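Asks: I'd like to ask some things about the structure below.
The values are calculated or read from the model by the stated rules, or taken from the named source; none is laboratory data. These figures come from a predicted structure and were not determined experimentally. No Cβ is skipped: glycine too gets one built from the backbone with ideal geometry, and neighbour counts run over all protein chains shown. Surface areas here come from the heavy atoms of the whole protein model, side chains and all, with no ligands, DNA or RNA. Shrake-Rupley method; radii C 1.70, N 1.55, O 1.52, S 1.80 Å.
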Amino acid sequence: MAAIEIVRATRAEEIEEWSAALEAGGAGFLFSRVVWAETLAAALGASWALHLCRIGEEIAGGALLLTEGAPGRERVRRSAPYPLFSLHVLHREGVSPTRRIPQGVEVLSSLARELASVYGRFSCDASPSLIDLRALSWAGWRVEPRDGFRLPLPQEDADSPPLVETISGEPSDPVARIALERKMGAAYAVRGTSGPAASLLVLRGERRLYALVGRGAAHALPASQGVAVARSLASLPEAKGKEEILFFGDAWEEWFVCEPIEPLRIVPAARVFGPRRSR
């Protein structure tokens, strides 16, 4: 196997190559893309960094991170209001099935060593497409299982009266406002039509809608209504022609963890925490 090389992407063509590799590898979620990292960074006064892991001329994996601090003392931002899928191992054409697992371990191990050497200890979200995290556990990282949820479209009952309505005007959330200014996926906000307000931000991607819970809304909506509100998003005109709605983030787990969630399907994910440096 060719040597593994990890480089920090700085050129537009490298970012375009990353986007193409995500699509080819089946990991083309909005939260994996540089445009989303740029949106979060602009909203939070932070920066972003993309590290590419190459084997020969091909991208085999990468890490997309929010960062802060001066050059030479840069660190990963420890919290963000919305998810950012950071760690990725991508499927490469021509790799035999028997080599995919060991190669994935090598790629993830290389990324773990590189990121730890550059940023020290930090936490981030692994992409839902990354299901084998043994390399991180072996390297001393802590892996915390998380759940996202997806709603396949179209729904048979999508024509039923919706439980949400579009809010006119720009959402007040600064991340949402910057997303609108950048015209990223036609972001807009919705709220519940009855009962406590359920402030949601919905982003429209090429193949799916992305639903995000506004700050504090998870506690305002009774858990029994969570699934109904999520299902009702399928009745929005923006859902027409999409493949699915993706719900990801801590607040969605609060809504769904103790409730029957059909027809929502669980999307396994993980939050990972780097090892403490030895003294």
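Asks: I'd like the residue in the stretch 66-83 that is touching a residue at least 40 places away in the same chain (Cβ under 8 Å) and not in a strand (DSSP E or B) and, out of all such residues, is surrounded by the most Cβ atoms within 10 Å (Cβ to Cβ).
Replies: Pro83
Asks: I've got another one for you. If you check Glu17, Glu23, which single one turns out to be open to solvent by 60 Å² or more (accessible area, probe 1.4 Å) and under 17 Å from the mean Cα position of the chain (by Cα)?
Replies: After applying the criteria, what remains is Glu23.
Asks: Report, by residue number, each residue of the stretch 47-62 that is surrounded by fewer than 23 Cβ atoms within 10 Å (Cβ to Cβ), small (Gly, Ala, Ser) and either assigned to a strand (DSSP E or B) or at pLDDT 90 or above (or both).
Replies: Ser47, Ala49
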